[in-house]
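These notes concern the structure reproduced below.
The values are calculated or read from the model by the stated rules, or taken from the named source; none is laboratory data. Just so we're clear, the structure is a prediction, and the values are computed from it rather than from any experiment. Areas reflect the complete protein model, heavy atoms only, side chains present, ligands, DNA and RNA absent. Shrake-Rupley method; radii C 1.70, N 1.55, O 1.52, S 1.80 Å.
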Amino acid sequence: MTPRSRQWFALVLVVAVGVAGCAGLRKTEKPPDDRFGHRFEGKASDGRETIVIQTPEEAVEYVYFAAPHDTVHVRQSGVAAEGAEVEVLIKGAFPDACTELHSVSQERSGHILNVDLQMRRRRGVLCASVVRPYRFYLVLEGLYEQGHYTLKINGIAHAFVVANRAA
């Protein structure tokens, strides 16, 4: 290899390493389920239907149960030092064709949050046994400072951290 070709080779190598290093510094975009404020309407790509709580019919008698869930995504907005809003994407599945989301309540004591998520089904009705995956968006009440928190949904604990800035 000639001295000139070695210089070109060294220059190309330095540029390639520099470009590769800069490419690694690019901020990667979060998946939609981890982004604050992102909502899927209807059925998402994971096959889960977005659920909104509907008012039950007054003349109908219902049976109530704790709503099952299998995945929780906790998402924050803004800077925690100023108090960040926090929302939760809850994913689960209804056990049959008749069950629907009934209610949600939340209670906060310091860094522990208790959420009660209930579903309902008409009493005495036969329903097709089909699993119906759902997603439910819940904005937690109040603002959250930086720190570690425990979110309990129907008694199942999920730890999360509110960062100084949205990660």
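General remarks:
- S109 accessible area, assembled protein chains, probe 1.4 Å, Å²: 80
- With every protein chain in place, the stretch 24-84: carbon and sulfur % of accessible area (1.4 Å): 51
- Heavy atoms of F136: accessible area, 1.4 Å probe, square angstrom to 10: 10
- At a probe radius of 1.4 angstrom, the accessible area of the stretch 79-125 per residue rounds to 45 square angstrom.
- The stretch 35-90: relative contact order as a whole-number percent, Cα under 8 Å and 6+ apart: 32
- Cα-based reach from K152 at 16 Å (exclusive), listing aspartates and glutamates while leaving out same-chain residues under 8 positions away: D70, E87, E107, D116, E141
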